[in-house]
Amino acid sequence: MNTRVLTGITTTGTPHLGNYVGAIRPAVHESTQEGVDAFFFMADYHALIKCDDPARVQRSRLEIAATWLAAGLDPARTTFYQQSDIPEIPELTWLLTCVTAKGLLNRAHAYKAAVDKNTESGEDADAGITAGLYMYPVLMAADILAFNANKVPVGRDQVQHIEMARDIAQRFNHLYDGDFFTLPEAHVEAHVATLPGLDGRKMSKSYDNTIPLFEGGPKRMREAISRIVTDSREPGEPKQAEGTALFTIYQAFASADEGAAFADALKGGMAWGEAKKQLFERLERDVAPMREHYDALMARPDEIADVLRDGAKKARAQATPLLERLREAVGLGQAKPAPVKKAKKKAAKRARFVSFREADGKFHFRFVDADGAELALSRGFDDPKAAGMATRALMGAEAIVQARDKVFVLSVGDDVLAESPAYADPAARDDAMARARQALASLADAD
Ligand code: TRP
């Protein structure tokens, strides 16, 4: 069976060189390998956790999608979609939420960091923390488990989330006694995961030390490169390449030979300015053709939307049957048609015949309504059998209910079987007659 590789990018920003080297490039490469089914998506539900600017979320989604495509992603051989097009994901999130220990979420790094920050500044521990941030690992688990991904390429900061997804999957499998979920494995690209930024720390938007990938064109890229921090060695002085941000970025694009030549040149006294120029040129060799593609895509957002819509269809073809199975497992499935019990309105009382024997030895019955009020009283019968036949006859089609002065009578043919109490006026009598007819009809229906 093929390996399912899945990863998402949160749509809050514009991709930078670090995103490209650390996530996009290796993922696109992997998607071209034999035996790999790749699932890549724009994590726009995740974006809402940290961003309440709709224009930014929308623009970022477009930029990230265009970046994937410009970087060589083939939507025909991958499943490429936007998270919010897959209603099964939030649905699965709830099913998982209900088996996730709250304590597990208390330990999530992102949540804990926010709590620590509050505590340090003397705030209430949960000040400004949304339930969205708290639930983030469950949403992420749903992203992964909805497609039963085997392998999840992520940055180091995301490894804990994949471990939580495994925990949650295991717990669900155990609780509902089935192999519903595959346990995913995190995959950290060891040598590229941490591209340094302009200041040498990890390249990250939160450090404001990034080199933009496409935005701003070659001009912005050159300008950013010029701000890479170096030591103060003059031109002509030998320089140590290893460990510098500049060289590490260069290596992320260059072959081993190119890298060695670059390091040699620095050792031989190449000026930092010249090194930056060479870095720019090396980057441009890879980036310029992609940027052209990117700009063309960004000019046709409808085409991107079409690609994503097709991707969502493909993705849902996987997620829908799984969710159906899960719904069934937890008891939300379509109920099997139970054997239809005859509607015996046990609780609801109904009209009936109450038989009794008089002192004279004759057998009688009283016809009473659902509330027990007497509608009619029978004449005397010589034996219970005759009385029973009379009640059955009254429930039949031949029974007649007719007015007779202050009363009404129940008869079959010419045989008057029962008679109502006397009523003060014809209206009350007619009223009672109507109730008697209904009561008889209800008995006939029930049988
Ligand atoms: N949370 C991830 C990040 O910030 C993005 C992401 C969302 C993701 N869902 C995912 C990554 C599922 C891998 C798998 O980087």
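Round to a whole angstrom and tell me the spacing of the C-alpha centers of the stretch 257-327 and the stretch 142-183. Result: 27 Å between the Cα centres.
Compared with the dominant principal axis of the Cα atoms in the chain, helix 54-70 is inclined by about 60°. Computed from the C-beta positions of D382 and A427 and an R0 of 41 Å, the FRET efficiency is 0.65 to the nearest 0.05. Shape call for the stretch 405-447 from the C-alpha gyration tensor, a ≥ b ≥ c root eigenvalues: rounded (a/c under 1.5), prolate (a/b greater than b/c) or oblate? Oblate shape, in that a/c is at least 1.5 and b/c is the bigger or equal ratio. What the Cα convex hull of the stretch 142-298 gives, in volume per residue, is 136 Å³. By how many degrees, 0 to 90 and rounded to 10, does the Cα axis of helix 217-226 deviate from the longest principal axis of the chain? Approximately 60 degrees, to the nearest ten.
Counted by neighbouring Cβ atoms within 10 Å, the residues K385, K239 run from fewest to most as K385, K239. Volume per residue for the stretch 237-280 equals 56 cubic angstrom (convex hull of Cα atoms).
Projected label points at S232 and R325, each 7 Å from Cα along the beta carbon direction, are separated by 6.6 nanometres.
Arranged from fewest to most other beta-carbon atoms within 10 Å of their beta carbon, H364, H46 become H364, H46. Counting every Cα pair in the stretch 277-426, what percent are over 23 Å apart? Above the 23 Å cut-off, the stretch 277-426 has 68 percent of its Cα pairs.
Only bridges whose two residues both fall in the chain count here: according to DSSP, what percent of them are antiparallel, nearest 5? Percent antiparallel among DSSP bridges in the chain is about 60. A cut-off under 14 angstrom between Cβ atoms defines the neighbours of L104, and their net charge, with Lys, Arg +1 and Asp, Glu -1, is +3.
Across the stretch 205-288, the fraction of Cα-Cα pairs farther apart than 19 Å, rounded to a whole number, is 35%. Positive contributions from Lys and Arg (+1) and negative ones from Asp and Glu (-1), summed over other residues with Cβ under 12 Å from the Cβ of V416, come out at -1. Once you've got the GNM for the chain with C-alpha springs shorter than 10 Å, pick whichever of Q160, Q33, Q83 has the biggest mean-square fluctuation. Checking each option, the largest mean-square fluctuation is seen for Q33. With neighbours defined as other Cβ atoms within 10 Å of a residue's Cβ, the residues I144, I225 order from fewest to most as I225, I144. Based on Cα atoms of the chain, Rg over Rh with Rh as the Kirkwood radius reads 1.40. Within the shell of other residues whose beta carbon sits under 13 angstrom from the beta carbon of V401, the net charge comes to 0, with Lys and Arg scored +1 and Asp and Glu -1.
The percentage of C-alpha pairs in the stretch 352-446 whose separation is greater than 24 Å is 15%. Computed from the C-beta positions of H174 and K362, the FRET efficiency with R₀ = 45 Å rounds to 0.05.
Read-outs throughout are calculated quantities, based only on the coordinates presented, and are distinct from any laboratory measurement. It should be emphasised that the depicted structure is a prediction, and the values quoted were computed from it without experimental measurement. Every residue, glycine as well, gets a Cβ built from its backbone with ideal geometry; the counts of neighbours run over all protein chains shown.
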